[in-house]
Amino acid sequence: MTDVSPPPHDDTGLDLARTIARSVGAQSRRRRRAASGEPTVPQSSGAHPDDRDPKLLSEAVDRLIEAKGWATDINVHTLLARWSGLVGGVNAAHSHPESYADKTLTIRAESTVWATSLRSIAPQLVARLNDQLGQGTVTRVKVLGPEGPSWKKGRRSVRDGRGPRDTYG
């Protein structure tokens with residue numbers, strides 16, 4: 001049995017560009033075939049709108065978002081772009097949304113005090129997000145404090161073993 005999983009998301013947009021280029025290339029091949037004299041279906045447009053009519057860019061983007069299933073992620077990230085409006089200016093100055101995955105919003109605070117403050121308003125934040133995005137879009141807000149220092153680099157690091165911090169016998 002083979003494991004068929006979707007390819008990882010490409011943040012650069014190259015996959016989308018390739019898909020569009022293939023689509024345009026297929027249309028130009030159809031036009032060349034029509035110009036070469038091969039029998040084709042008549043391309044006359046009728047009085048009613050059909051798929052061959054020009055589309056507004058916004059309509060084409062909306063269809064692409066719907067076809068790829070990106071609507072929820074785009075809506076969440078659009079709402080999080082207005083972070084200060086959701087949590088207030090003071091909280092927003094000391095925190096930022098870090099990620100959204102599996103209906104969980106992860107927030108990074110600059111200190112444990114600010115993390116505790118955000119944890120206290122987490123239920124209201126979930127309710128506000130679900131009011132604006134639809135019920136069940138965000139089920140949990142995970143608030144993280146600041147990251148601790150890394151002991152892997154610097155003057156006191158040791159390549160093999162724990163070194164001078166190894167006091168466990």
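The values are calculated or read from the model by the stated rules, or taken from the named source; none is laboratory data. The structure displayed is predicted, hence computed values, not measured ones. Cβ atoms come from the backbone with ideal geometry, glycine included; neighbour counts cover every protein chain shown.
Would you check which residues across segment 84-97 are touching a residue at least 12 places away in the same chain (Cβ under 8 Å) and either within 15 Å of Ala127 (Cα to Cα) or small (Gly, Ala, Ser) (or both) and list them? Passing the criteria: Leu86, Val87, Ser95.
Residues in segment 142-161 that are modelled with pLDDT of 90 or more and hydrophobic (A, V, I, L, M, F, W, C): Val143, Leu144. Scanning segment 98-115 for residues that are in contact (Cβ under 8 Å) with a residue 24 or more places away in the chain and of a type in the set (D, E, K, R) turns up Glu98, Lys103, Arg108, Glu110. Tallying residues that are surrounded by 13 or more Cβ atoms within 10 Å (Cβ to Cβ) and closer than 19 Å to Leu144 by Cα within segment 77-92 yields 6. Just one of the listed residues (Ser45, Ser23, Ser5, Ser58) is more than 30 Å from Ile107 (Cα to Cα) and at pLDDT below 70, and it is Ser45.
Do we have Thr139 as in contact with an Asp or Glu (Cβ under 9 Å, 6 or more places away or on another chain) and either modelled with pLDDT of 90 or more or farther than 20 Å from His96 by Cβ (or both) here?
Values: in contact with an Asp or Glu (Cβ under 9 Å, 6 or more places away or on another chain): yes; either modelled with pLDDT of 90 or more or farther than 20 Å from His96 by Cβ (or both): yes.
Against the criterion (in contact with an Asp or Glu (Cβ under 9 Å, 6 or more places away or on another chain) and either modelled with pLDDT of 90 or more or farther than 20 Å from His96 by Cβ (or both)), Thr139 qualifies.
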